[in-house]
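Student: Pasting a structure below so you can have a look.
The values are calculated or read from the model by the stated rules, or taken from the named source; none is laboratory data. Quantities reported herein were computed from a predicted structural model and do not represent experimental measurements. As a convention, Cβ positions derive from the backbone with ideal geometry for all residues, glycine included, and neighbour counts pool all protein chains shown. All accessible areas refer to the heavy atoms of the entire protein, side chains included, with ligands and DNA or RNA removed. Shrake-Rupley method; radii C 1.70, N 1.55, O 1.52, S 1.80 Å.
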Amino acid sequence: PAPAECALLPSFSLGAGRPRLGTAAGERLAQPPLSMEEEAGTEREPLLSGRTAGRGHPPRGTFGASDCHDPAAFCTVQDAAGADHDLYINQAVVFIEDAIQYRSINHRVDSKSLWLYRWYYSKICQWVLSLTITLILALAFIETPSSLTITSDIRYRGTAWEPPCGLTESIELICFLVFIADVSVKSYLIGWEEFRKTKWLLAYILILVVSLIDWTVSLSFYCTETVRIRRILRPFFLLQNSSMMKKTLKCVNSTLPEMASVVLLLAVHLCLFTMFGMLLFARSKDKQQDKEWVGYFHNLPDSLTSLLVLLTTANNPDVMIPAYSKNRAYSIFFILFTVLGNLFLMNLLTAIIYNQFRGYLLKSVQSSLLRRRLGIRAAFEVLCSLKESPVSTNELCVNANTLLQVLPKVEMDSCCKQAILRTVRSCPHGILSAALFQKLFDELDKDPVKQHPPKPEYQSPFLQKVQFAFGHRFFGYLGNIVALANIVSICVILVMDADKQLSERDDYFLGAINCFFILYYLLEMLLKILAMGFKRYLSYPSNRFDGLLTLILLVLEISTFAVYGFPHPGWRPEMMGLLSLWDMVRLVNMLIVFRFLRIIPNMKFMALVASTLLDLVKNLRAFAGLLVVVFYAFAMTGIVLFKGAVVPMGNMSVVNATSGNAP
């Protein structure tokens, strides 16, 4: 990390106070990495500098060198017991959880604040907050004016349901109360000093105040007002709740100055070619030769718009066809414009954006790793205050038994926790130095290796042979071949029935084929469970996907037989129930086609591509969230600006009356 970042490293007060900013940790962490010999050595001084005790607790447990009898001796807490002991344990638990989640450790650390902090970041509390954000964003689908109908065609859709006044407002009020509680807890936990520096929290409060004022105005007018500012502000609640979205927005903001020069160059490029185009395709005496002028270069706005759209290749080659029909040499103009604009300037803009985001990503990763190391180091120094070493030593260290008391309380991945616990129990002498303590939590950076449950052990020789045969990979290959044969058979029947009327189709063959293959899929699933065991079968994602689709297909097939009977020649009964026979057969076929994706894990190249796509989806969540924020805000603005602009055909008088034009 950069020295400027290290200057902001927190220091701690182990009493009822909260961490304060200091630079001692930054000076140590900014040093070059230790060598193997130095890392294997021990520390005799606390990493973080001296602190003041928290209010309401005695000044023990601080890390100041003035509390030590010998500057080279280890700073201990002789009388830490009872409530103080539990407080230090809880502080270490919270610091480790902060490190796991890459959270800042700059917050209150007294006992009540620690309880509130853990409660706020619990799964239930965060789930309630996410549900509240989703609920307030979803209100736009039922609020007036709403178009939540089956069809989007205004000629055929019915009148949308309009909720009574006060219904959506009551839901909004509940959401606002949750947000007020959220911002209050956040502000209390970080303290007044940090609150004044946090622009997001200040904006959070401002948005809530404006929304509540607008909500009061709505009730005052009995929900008849047309402009509701709070709807446009709703995406902010989604934005402020995601740290990744805020980081991405910050990156976009830092990228804009770098993009300005290229965007200006694009504007010059567009304006120059617009002027050239207006001169090349000027109006002439022959109206038959003026198609390019009439359609695309009639005036300056039309010319600029035509070339701007061509820059996105949306109207290519339509924009050049009239001129190209007149003279082939005109194509040089469009080729030069496309090559310079699309191949050079647009790619240059993409390269600048990529370079900026790559640099930002590197800084973000460094910042996250720094937060993790600080959280682990903070937990180490807190536990150092509990001097329970089995041997007399003047080294800065933590008793392994103390860490064993902390880890069960930490919310973390079970596999990672078990790996750390095994390492701690095998620690020699029961002593953990600073380097070893930090190394323990390197497990957090490792991808967990999932251990599959063991196969069942059968005593019968016959069952052992069955287990070997149906647990072999060739049995999986056979299932893939059968699935491919099922897809081919469905394609053949669909091609044969493509030109037939619905009344002329005979679903007997397709129904019989589906019945045969579904029975095979069921048998395959049962044999795999017999060979692998139920728990081992479910431990593989491909098996869960395969088994779930097989059960759904089985339920649909049984439902089809229960409603329409077994397949037979001329199997074309009338519609009964919710779906017709053809609809149910189509649904089954679609699931069978979807089930064919089971072959992906068996093909290394396809599995690599699929895993890359899944990783892209995970990494693009922040960008997708920003798109939701932008689209939602513009959609709400568009509802206000263009209300009543689109009316059914044949009722154009409404448009004329709105625009002030005569019919």
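Student: Could you please find all residues in the range 143-169 being assigned to a loop (DSSP other than H, G, I, E, B), in contact (Cβ under 8 Å) with a residue 24 or more places away in the chain and within 21 Å of F221 (Cα to Cα)? Spell out how you get there, then give the answer.
Tutor: Looking only at the range 143-169, we keep the residues that are assigned to a loop (DSSP other than H, G, I, E, B), and these are 143-166.
Still in the running and in contact (Cβ under 8 Å) with a residue 24 or more places away in the chain: 143-145, 154-155, 165-166.
Within the range 143-169, E143, T144, P145, C165, G166 meet the criteria.
Student: Same structure, new question: For the subset of the range 92-142 comprising residues that are in a loop (DSSP other than H, G, I, E, B) and of a type in the set (A, V, I, L, M, F, W, C), which member is farthest from the chain's Cα centre (by Cα)?
Tutor: V109
Student: Let me spell it out: the conditions are (1) under 30 Å from T198 (Cβ atoms); (2) loosely packed, with under 15 Cβ neighbours inside 10 Å, and F357 meets all of them except one. Which number is the exception?
Tutor: The failed condition is (2).
Student: Quick check: anything in the range 227-249 closer than 21 Å to G644 by Cα, polar (S, T, N, Q) and at pLDDT below 90?
Tutor: No: zero hits.
Student: Right, next: So the check is Cβ under 7 Å with 6+ separation or different chains; which pairs have a first residue in the range 547-571 that's within 16 Å of L510 (Cβ to Cβ) and a second one that's aliphatic (A, V, I, L, M) and surrounded by fewer than 11 Cβ atoms within 10 Å (Cβ to Cβ)?
Tutor: The qualifying pairs are Y564/M576.
Student: Does the range 170-185 hold any residues that are closer than 16 Å to L116 by Cα and free of Cβ contacts under 8 Å to residues at least 40 places away in the same chain, and which are they?
Tutor: I180, A181, V183, S184
Student: Given L336, L383, which one is under 30 Å from L280 (Cα atoms) and either assigned to a helix (DSSP H, G or I) or not aliphatic (A, V, I, L, M) (or both)?
Tutor: Residue meeting the stated conditions: L336.
Student: Now a separate question. Just to verify a result, which residue in the range 386-402, among those that are modelled with pLDDT under 80 and either among the β-branched types (V, I, T) or not in a loop (DSSP other than H, G, I, E, B) (or both), is nearest to the chain's Cα centre (by Cα)?
Tutor: That would be L386.
Student: Of all the residues that make up the range 471-484, how many are closer than 22 Å to C515 by Cα and touching a residue at least 24 places away in the same chain (Cβ under 8 Å)?
Tutor: From the range 471-484, those closer than 22 Å to C515 by Cα are 475-484; that's our starting set.
Subset that is touching a residue at least 24 places away in the same chain (Cβ under 8 Å): 475-477, 479-480, 482-484.
Qualifying residue count, the range 471-484: 8.
Student: Restricting attention to the range 333-341, does a residue exist that is open to solvent by less than 90 Å² (accessible area, probe 1.4 Å) and at pLDDT below 90?
Tutor: No, that holds for no residue.
Student: Pull up the range 289-325, narrow it to residues that are closer than 18 Å to C271 by Cβ and loosely packed, with under 15 Cβ neighbours inside 10 Å, then point me to the one that is nearest to the chain's Cα centre (by Cα).
Tutor: In this case the residue turns out to be T312.
Student: Looking at the range 373-385, which of its residues are under 15 Å from I96 (Cβ atoms) and either of a type in the set (A, V, I, L, M) or modelled with pLDDT under 85 (or both)?
Tutor: Taking the range 373-385 as the starting set, the residues that turn out to be under 15 Å from I96 (Cβ atoms) are 373-384.
If the condition is that a residue be under 15 Å from I96 (Cβ atoms) and either of a type in the set (A, V, I, L, M) or modelled with pLDDT under 85 (or both), then L374, I376, A378, A379, V382, L383 are the ones that fit.
Student: Tally time: how many residues in the range 187-210 are within 26 Å of the chain's Cα centre (by Cα) and without any contact (Cβ under 8 Å) to a residue 60 or more places away in the chain?
Tutor: Qualifying residue count, the range 187-210: 11.
Student: What single numbered condition from (1) open to solvent by 60 Å² or more (accessible area, probe 1.4 Å); (2) at pLDDT below 85 fails to hold for E457?
Tutor: Failing condition for E457: (2).
Student: Related question: Would you mind stating whether A633 is within 30 Å of R157 (Cα to Cα), at pLDDT 80 or above, surrounded by 13 or more Cβ atoms within 10 Å (Cβ to Cβ) and not β-branched (V, I, T)?
Tutor: On the way: within 30 Å of R157 (Cα to Cα): yes; at pLDDT 80 or above: yes; surrounded by 13 or more Cβ atoms within 10 Å (Cβ to Cβ): yes; not β-branched (V, I, T): yes.
It is true that A633 is within 30 Å of R157 (Cα to Cα), at pLDDT 80 or above, surrounded by 13 or more Cβ atoms within 10 Å (Cβ to Cβ) and not β-branched (V, I, T).
Student: Right, another one. Quick one: would you say L310 is closer than 30 Å to D214 by Cα and modelled with pLDDT of 90 or more?
Tutor: No; evaluated as a whole, the condition is false for this residue.
Student: Are any residues in the range 409-429 in a helix (DSSP H, G or I), touching an Asp or Glu at 6+ places or on another chain (Cβ under 9 Å) and open to solvent by less than 30 Å² (accessible area, probe 1.4 Å), and if so, which ones?
Tutor: The answer is C416, A419, I420.
Student: Kindly provide the set of residues from the range 525-541 that are surrounded by 18 or more Cβ atoms within 10 Å (Cβ to Cβ), in a helix (DSSP H, G or I) and touching a residue at least 24 places away in the same chain (Cβ under 8 Å), ordered by number.
Tutor: M525, K528, A531, M532, R536
Student: For the range 542-563, which residues satisfy the criterion of being β-branched (V, I, T) and either in contact with an Asp or Glu (Cβ under 7 Å, 6 or more places away or on another chain) or open to solvent by less than 70 Å² (accessible area, probe 1.4 Å) (or both)?
Tutor: T550, I552, T560, V563
Student: Next up: Which of the residues spanning the range 161-187 are aromatic (F, W, Y) and surrounded by fewer than 14 Cβ atoms within 10 Å (Cβ to Cβ)?
Tutor: Of everything in the range 161-187, just one residue is aromatic (F, W, Y) and surrounded by fewer than 14 Cβ atoms within 10 Å (Cβ to Cβ), namely W161.
Student: Tally the residues that are among the hydroxyl-bearing types (S, T, Y) and without any contact (Cβ under 8 Å) to a residue 24 or more places away in the chain, restricting the search to the range 340-378.
Tutor: If we filter the range 340-378 for residues that are among the hydroxyl-bearing types (S, T, Y), which is where we start, we get 350, 354, 360, 364, 367-368.
Next, from what is left, pick out any that are without any contact (Cβ under 8 Å) to a residue 24 or more places away in the chain: 350, 354.
Looking only at that region, the number is 2.
Student: Does the range 410-425 hold any residues that are touching a residue at least 60 places away in the same chain (Cβ under 8 Å) and under 23 Å from the mean Cα position of the chain (by Cα), and which are they?
Tutor: Pass one, the range 410-425, residues touching a residue at least 60 places away in the same chain (Cβ under 8 Å): 410-412.
If the condition is that a residue be touching a residue at least 60 places away in the same chain (Cβ under 8 Å) and under 23 Å from the mean Cα position of the chain (by Cα), then E411, M412 are the ones that fit.
Student: Does F276 qualify as being open to solvent by less than 80 Å² (accessible area, probe 1.4 Å), at pLDDT 90 or above and out of contact with any Asp or Glu (no Cβ under 6 Å at 6 or more places or on another chain)?
Tutor: no
Student: Further question on the same structure: A351 - would you say it is open to solvent by 40 Å² or more (accessible area, probe 1.4 Å) and assigned to a loop (DSSP other than H, G, I, E, B)?
Tutor: no
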